[in-house]
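First the structure, in the form of structure tokens, and then the observations on it.
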Amino acid sequence: MIRFLLNGLLRDRSRSLFPLLTVFFGVLLTVFLQAWINGAITSVVDSTARYRTGHVLVMTRAYAKEADQMPIDLALLGVDTLMTGLRHDDPDLLWTPRISFGGLLDIPDEHHETRAQAPVRGMAVDLLSPDSPERTILDVRDAVVRGRAPVRHGEILVGEDLAERLQIQPGDTATLISSTMYGSMSITNFVVVGTLRFGIVAMDKGTLVADVADIQQALDMADGAGEIIGFFRDGVYHEERANAVAAGFNQRFAAVPSSPTAAFAPVMGTLRTQSGLSDYLDYIDAFSVVIVGVFLVAMFVVLWNAGLTGSLRRYGELGVRLAVGEDKTHVYLTLLAESLLIGVIGSAAGTLAGLTVAYYLQIHGFNIGTIMKDSTMLIPNIVRARVTPLTFVIGFLPGVLATLSGTALSGIGIYKRQTSQLFKELES
Amino acid sequence: MLTLTLALRNLLHAGLRTWLNVVALSFSFVAIIFLQGFYDGLNEQVERATVAALYGGGQYWHSSYDPYDPLTLDDAHGVIPAPLDSLIAHRQATPILIRPATIYPQGRFRSVLLKGIDPDQTVLSIPSALLKDRSHGIPAIIGSRMAHSTGLQKGDMVTVQWRDVHGTFDARDVVIAEVFRSTVQDIDNEQIWIPLDELRRFTRTPDEATIVVLGQRVAPPGSVGGWDFRDLSFLLRDLHTLVRMKSVGASILYLLLLFLAMLAIFDTQVLSIWRRRKEMGTLMALGMTRGGVIRLFTTEGALHSILAALVAAMYGIPLMAFVANTGFALPNAADTMGFAIGEKLFPVYSPSLVVGTTVLVCLVTTIVSFLPTRRIAHLKPTDALRGKLS
Amino acid sequence: MIRPIFLALAFLPGTLSSQTPNGDEILKRVDENMFSRTRIVTSRMVIHGPREMRTVESKSWQRGTNESYTEFLAPARERGIKMLKLKDMLWEYSPSTDRIIMISGHLLRQSVMGSDLSYEDMMDDPHLPHLYAATVVRRDTAAGRECWVLDLTAKTEDIAYDHRRLWVDEARDVVLKENLYAKSGRLLKTVDVREVRRIQNRWMATSVLYKDVLKEGEGTEFYLDTITLDVPIPDYLLSKAALRR
């Protein structure tokens, strides 16, 4: 029977193709939209993850208490061992050390004396390792306005406005004056090889990006880092998994509270706990439900409508079938079966296509910067889709149900038709 | 005119089918306006909150003041010039003195900004009135983020150390009079608010300020020597960049919604052209030109959007009016006392949004309605009469 | 009503009598004991960090109180760093960068090598009689010795500590304990002298503990290992050229 219906559908293009395309596109749009919304409204969270907290974050207990003060005297030590452990225990995250620090950037004149000076906030990330996870997490190469990204030790990038203020060009030497982990003054020369545009005034005016190994050296923190961030390989924050990873880690490193080293025991937090965006995360969850809900209703009506028109269109054909003696219920059921087939095939294909597009945009992202004036900005100008478990089902069920119910409603008309009137109707 | 009447009659005669399309299309109308209104509301509210809490009608900065360079703070203060002083006297502006300081919660030290504000000021929404009660010592208010990061709570005492303008150390305990909750991070992170007169006395800066904030809608009194006026477009530039970026993301959403609605229209048009061949043939046989038939069918399709606009207005206006008046409650909002910025979100539906969306949807519907009708151009009336679509 | 109580207190045993010397005079004697024309000093600072203890060694050539040249000897990382103070200017030379950085403004408030002392503390005019008016408030014992307790009130406005309290050894004119206060009267820092030695006819504090009382921690210990007084110091050593030597 199904084969018969399928043949019918395949041979009559107008009976199959248009409804199928409608369902296909409707479902595709819904699936994609759900993933897109998820991605778009989590883009704030995404930039926080990339810049500050990762998806999970390891610090010392003491550091965690005042992380926003950049207390490098409380930084993690033994980072290599910790990283090896983390990579082994949680391989589905990318792990990388970072150091946030403050200091003064001092520009020398030809006599090696101060020509200009400005306070900076430094970000030390792994810029130079050939397999650095930062290539995925925070690719500075895209945001370089002038000059280039560092390729060897001793090279740094600074915010474009900072460079302008200090009147430095790529290639100039700059001295970083900061404090070592032990509080001594640290004076280190770097070569500014490029400038960055973040799109946030505070950062453009005062940020310095350096390689983490250089800063470990400069701040006397061998094998140390302020933080180790963990980033899910797919770039997406998975709350349950992040919680599980953090819980597991904290269990392994549960410190004896009374021990003198307890303050320096590592502790892992998640994006939600560390970013202060907990309210925001709740809020965007609620918001995305509203948007997707509205869209779902719209799609349901469109597909239902398509189901209805599809059946109404076959008024004549059904008349003939009734006229030749086919049972009304049989006609109705075949109509339903047909629409079920269309719904299932269309929804499956639509879901598959929607997921494909969504996955593509989850990985590659859509660069809003390209349609904006300031096209080289580091801060969230890339919007990514985000596939969640819901994405897999959100289009499918409504796709099938809407098509089926549309047909079911319009098909009721079959029972209203009088057999005695059929030939008259068909003549007209 | 004939085309329009005919199209409308055809459309209405189609009954349920038309109305389903109309309803689907009206969803797009409502959803686009509703969401964009929600979005505009969010932006406007953030902007309004920031303006109310911090920027007022613009700020005069002491010429040495650079909020991005903490090293300038030592010198960034001066006696308030007369034109600004008279605004302050008339409560149309309020001075803020900003000094670097160190606090010592739990034996660790951290750098903060000590900000002095007039407890009686009404220019900004910061709950400065909470600084009036000095019976428990020097009152201070902090934001909830600061409270969270320092572990300070209402009623706690904390030692604050600073230097006066001559470099002399001073340290006193302040009492946290209240922890306020605000969506505006710039009045919260790493700062403590205390009464202006106390800070002036402690730092030996009588009648001085770092910035003077004008009331909203107060015209700046022109250029004031030694002070630079910063207008809202300057102060809000980060926010505007962000909004611009977000709105590109949001338009993609509308594009998808519109695309969905157009799917319905396109589908209907294709079907109706396929189904109504005989009718076309008849119309042509009666003397209507091909162009006329195309116009008729396009108008029919386009009319969907007009009807949809009407239907959308019927349920959309009451719905949106309701939401715009009552607002959306935001989660976890009312846990700390203070001033309500982020507790409810009120969407904003501007005339340009409504008119713009309507024109856009009608235009797109017309184009989509026209596309399938091009087949009519190849139609032979004789074939059409026999029900053939060549 | 207040006067009789005040008078009664004045005659209690152990309180100040008519033989009490003038506060400013004591301060002057302290100053005279402490300062020499020139001195060459090697010293150690033991800094208690949150994680570990570090010892910073340096050698210093000082002329009067306005000119000094310091070279750090240990630990390895700090070795070779030089500091020059001329009047109210301070420069630091870092051999690894070959840069001479002027320490001014905000940098002056940074701690020296992670200690409880700031560069500014080093820059302060150490001649207390120039800056403070002293009154004797009582007698007390500190480090097991009889002391005059002096209250110092700032004579000028541009001074870091508005108020100090000194415990001066009655017999040796050396400060054995010092408290530094904020304008509000709040105690900010304490200095405890743990050892005093007689060097070239002067009593000198050779082991001192500095502590910032608002901060957690054990403070910074300072040890004077060798000191030679009144030896000639060549001019070239007290110039910027010496930094790159």
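The values are calculated or read from the model by the stated rules, or taken from the named source; none is laboratory data. Not measured: the values here are computed from a predicted model. We place every Cβ from the backbone using ideal geometry, glycine too, and count neighbours over all the protein chains shown.
Quick look at the numbers
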| quantity | calculated |
| --- | --- |
| Count - residues of the stretch B:67-104 that are in a helix (DSSP H, G or I) and either in contact with a Gly (Cβ under 6 Å, 6 or more places away or on another chain) or hydroxyl-bearing (Ser, Thr, Tyr) (or both) | 2 |
| When residues of the stretch A:156-172 are limited to those that are surrounded by fewer than 23 Cβ atoms within 10 Å (Cβ to Cβ) and part of a helix (DSSP H, G or I), the one nearest to the chain's Cα centre (by Cα) | A:Glu160 |
| Selection from the stretch C:150-192 of residues that are surrounded by fewer than 20 Cβ atoms within 10 Å (Cβ to Cβ) and under 14 Å from C:Asn22 (Cα atoms) | C:Asp151, C:Glu170, C:Asp173 |
| In the stretch C:123-136, residue nearest to the other protein chains (Cβ to nearest Cβ) [restricted to those that are more than 27 Å from A:Ala174 (Cβ to Cβ) and at pLDDT below 80] | C:Asp124 |
| Check on B:Leu255, of a type in the set (A, V, I, L, M, F, W, C), within 30 Å of A:Phe300 (Cα to Cα) and more than 9 Å from chain A (Cβ to nearest Cβ) | yes |
| Evaluation of B:Leu130 against (1) modelled with pLDDT under 90; (2) over 30 Å from C:Asp121 (Cα atoms) (one fails), failing number | (1) |
| Unmet criterion (only one of (1) surrounded by fewer than 15 Cβ atoms within 10 Å (Cβ to Cβ); (2) at pLDDT below 90) for B:Phe169 | (1) |
| Only listed residue being in contact with a Gly (Cβ under 8 Å, 6 or more places away or on another chain) and modelled with pLDDT under 85, chosen from A:Phe198, A:Phe231, A:Phe253 | A:Phe198 |
| Flag for C:Lys183 being assigned to a loop (DSSP other than H, G, I, E, B), farther than 24 Å from C:Ile233 by Cβ, more than 14 Å from chain A (Cβ to nearest Cβ) and out of contact with any helix residue (DSSP H, G or I) (no Cβ under 7 Å at 6 or more places or on another chain) | yes |
| Candidates C:Phe72, C:Phe35, filtered to the one that is of a type in the set (Phe, Trp, Tyr) and either within 13 Å of chain A (Cβ to nearest Cβ) or touching a Phe, Trp or Tyr at 6+ places or on another chain (Cβ under 7 Å) (or both) | C:Phe72 |
| Condition broken by C:Ile100, with the remaining ones in (1) farther than 22 Å from B:His166 by Cβ; (2) part of a loop (DSSP other than H, G, I, E, B) satisfied | (2) |
| Residues of the stretch B:26-81 classified as among the hydroxyl-bearing types (Ser, Thr, Tyr) and more than 12 Å from chain A (Cβ to nearest Cβ), total | 6 |
| Scan of the stretch C:108-122 for residues that are crowded, with 20+ Cβ neighbours inside 10 Å and within 7 Å of chain A (Cβ to nearest Cβ), ordered by number | C:Met113, C:Gly114 |
| Near pairs, Cβ below 8 angstrom, 6+ apart or cross-chain, from the stretch A:134-157 (within 8 Å of A:Gly194 (Cβ to Cβ)) to any residue that is assigned to a helix (DSSP H, G or I) and among the acidic types (Asp, Glu) | A:Val145/A:Glu160; A:Arg146/A:Glu160 |
| Tally of residues being away from chain C (no Cβ under 14 Å) and under 14 Å from B:Leu113 (Cβ atoms) across the stretch B:156-195 | 9 |
| Residue, nearest to B:Gly316 (Cα to Cα), within the stretch B:9-25, restricted to residues that are among the hydrophobic types (A, V, I, L, M, F, W, C), surrounded by fewer than 20 Cβ atoms within 10 Å (Cβ to Cβ) and within 10 Å of another protein chain (Cβ to nearest Cβ) | B:Trp19 |
| Criterion (within 22 Å of C:Ala74 (Cα to Cα), modelled with pLDDT of 85 or more and outside any loop (DSSP other than H, G, I, E, B)) met by exactly one of A:Thr175, A:Thr188 | A:Thr188 |
| Every residue from the stretch C:82-107 that is at the interface with another protein chain (Cβ under 7 Å from one of its Cβ atoms), touching a strand residue (DSSP E or B) at 6+ places or on another chain (Cβ under 6 Å) and among the charged types (D, E, K, R) | C:Glu92, C:Arg99 |
